[in-house]
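To keep things clear, I will list the structure first and then write my remarks on it.
Where a number appears in this text, it was derived from the coordinates with a stated rule and is not lab data. A quick note: this is a predicted structure, and the numbers were derived from the prediction, not measured. Backbone-built Cβ (ideal geometry, glycine too); neighbour counts: all protein chains shown.
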Amino acid sequence: MRRSRKEGKKQEFSKKIMKMEMALLWINTIGVLGLAFYCVHNSFDAAFPWLSAMVSLPWAAWGVSKTGYTMKSVKENTSGGIVYESAMREEGGNGV
């Protein structure tokens, strides 16, 4: 039986990490929105900067993480990239 391309290829660890990080961000965001709704619904009359920080700071950290991952991908997927060149040496190929 022939396997599809997705089934046969293992996902890279860095892609798994990025997907898990994104899922965690959404769980956090939805949870904080629920907490904010609960506070307003129960007439909580204090300021909410701690709620906005609980959402905005993780998203800012994700932006830095995503930028690093994108830069890593750019370097790996070019003919002069670190991984490409070392893979070609290991395979004994002649590169581009």
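Restricting the GluC sites (Glu not before Pro) of the stretch 4-67 to loop positions (DSSP other than H, G, I, E, B) with no more than 12 neighbouring Cβ atoms within 10 Å leaves 12. The trypsin sites (Lys or Arg not before Pro) of the stretch 5-60 meeting both criteria, a DSSP state outside H, G, I, E and B (loop) and at most 13 other C-beta atoms within 10 angstrom of the site's C-beta, are 9, 10. Per-residue Cβ neighbour counts within 10 Å put 71, 54 in the sequence 71, 54, beginning with the fewest.
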